[in-house]
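Reviewing the structure listed below.
Just so you know, all these numbers are worked out from the coordinates, no wet-lab data involved. This structure is a prediction, so every number in the text was calculated from the model and none was measured. A quick note on method: Cβ atoms are made from the backbone with ideal geometry, for glycine too, and the neighbour counts reach across all protein chains shown.
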Amino acid sequence: MNRFDTEITLWLNGLVGDWGPLDWTVRILAGDYLIPPLFALVIIGTIFAGSTPEQRHEWQRAAFRGVMAIALSNWAIFILNGVWDRARPYIALPDDVNLLFYPATDPSFPANPTAVGFAVAGALWRVSPRLRYSLMALGLIVGFARVYVGVFYATDVIGAAALGFALAYIAGWIYRVFDPALNLALRVARAFAVA
Amino acid sequence: MTPHDIGNLFLRDYLIAMYVATLGVVQIGASYGGLRGMLFLPSPRAARWFGAVLMVVAFAYFFTVPLWAAGPWGPEATDAAAGGVSPGVIGRDGLTVVWDTAGWSGLGGAHNLNDVDGGLSGGSQGIWFPLAAGLALISTFLISSVVNRGLREIDYSRNIFWGVELLKNASWAAAVRPSLAAARADWRQIVRGEFDGDHEWGGIRMIVNRWRSR
């Protein structure tokens, strides 16, 4: 772990306790049940949001890639956790870090929700710039919220963002390899007027 | 209370929240797509706002449940022990807490519960979220079919095998039969069309075309 990484992490985490409402808000933002489900909800919304049949078809394909990218992210995180068991900041720096979250037991790198957020943003890249940047912002917010509460380093978040983009790109390849089977699945859903 | 009991409590609230949030996001998506037959309200703009409200309500419900429902988010057991309250469980933020309701100040971290202590792991969210979302989608098609039962304009002059495109002017109940009939009539042509043309990455397409050319 380099000094720069520690300094950023300790600076952000050092804000804990300065202002109660900020701690309160960040704990919700860092949680597992607000921003991570939003990524999945955005994918569902995308299925229906295209205004022409052609646009909807493209967006539905993007939604498929988004689901694949989430699955790939979880798999890649599982593999990486086995390769590099990076200790969480609250374990590595017990005297300096204020833990404001549950003591997560899996390795610190990569920041799981950030990887998922950037994977979804990459998969939905062409849907809308506003959506893309919102998803990236949410991925960074949940990542840095977890730096604030003492369970990630800043580099876990940055590395996870790069990993998420890479996985979205790989999801695009996989989609093309399985083309047109996934298109046919869309056609079946369309036959029932649900896609 | 065991982590299993805590997990069940969590799961109930999570499923309700994700069900309602999915209802909301589908309303927002369908309003942008102009799919009147899927909307719960006549105006797309109103439906979009209604969808946003549903999403806010869903998450507000999930995060405020600890205010009125007892769970692993009460005060720390060490503090409470002085007042003679019951022994604690491992709960919010990995602390030993009393099974009790939370106050506003404790609400921020009330749901921050490790999966080994009864929170939902990423894997179980991956199972339960699609279930809640699937139920919400089914509900959307059924409820909107009742609300929009007067919408029955199917344009037979166009290629109607466009799935939800039909829901721009018809309810799902009115659209599903013509859509299925069109799919039944055209499925061979559709499948053939998908496999025609070349794609350097199309693995399945490549295998099928090689088998076809024998």
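From the C-alpha gyration tensor of chain B, pull out the three semi-axes of the equivalent ellipsoid (sqrt of 5λ each), sorted largest to smallest, in whole Å.
Taking √(5λ) for each eigenvalue gives 48, 25, 12 Å, largest first.
Helix check for chain A. Which DSSP H runs span at least 27 Å along their own axis by Cα, with a mean Kyte-Doolittle hydropathy no less than 0.5?
Helix filter hits for chain A: A:129-148, A:154-178.
Just want to confirm a number: the relative contact order over chain A, from Cα pairs under 8 angstrom separated by 6+ residues, in percent.
29
When the Kirkwood radius is taken over all Cα pairs of the range A:89-142, what Stokes-Einstein diffusion coefficient follows at 4 °C and 1.567 mPa s, in µm²/s?
101
So what's the net charge close to A:Asp96: Lys and Arg +1, Asp and Glu -1, counting the other residues with Cβ under 15 Å from its Cβ?
Overall, the nearby charge balance is -1.
For peptide B:20-30, how many partner chain Cβ atoms fall within 10 Å of a residue's Cβ, on average?
5
I'd like the distance separating the alpha-carbon centroids of the range A:18-86 and the range B:5-50, in whole Å.
Answer, in whole Å: 17.
Quote the relative contact order of chain B in percent (integer), defining contacts as alpha-carbon pairs under 8 Å separated by 6+ residues.
22
Loop sites only, by DSSP: take the chymotrypsin sites (Phe, Trp or Tyr not before Pro) in chain B that have at most 15 other C-beta atoms within 10 Å and name the longest stretch containing none of them.
Maximal segment without exposed cleavage sites: B:1-155.
Using the eigenvalues of the Cα gyration tensor, what equivalent ellipsoid semi-axes result for the range A:3-191 when each is taken as the square root of five times the eigenvalue, whole Å, largest first?
In descending order, the three semi-axes are 35, 17, 12 Å.
When Rg is the radius of gyration of the Cα atoms in the protein assembly as shown and Rh is its Kirkwood radius, what does Rg/Rh come to?
Checking Rg against Rh, the ratio lands at 1.03.
Any chance you could give the angle, 0 to 90 degrees and rounded to 10, that helix B:44-68 forms with the longest Cα principal axis of chain B?
Value to nearest ten degrees: 30.
Can you tally the net charge around A:Thr114? Count Lys and Arg as +1, Asp and Glu as -1, for every other residue whose Cβ sits under 9 Å from the Cβ of A:Thr114.
Its environment carries a net charge of 0.
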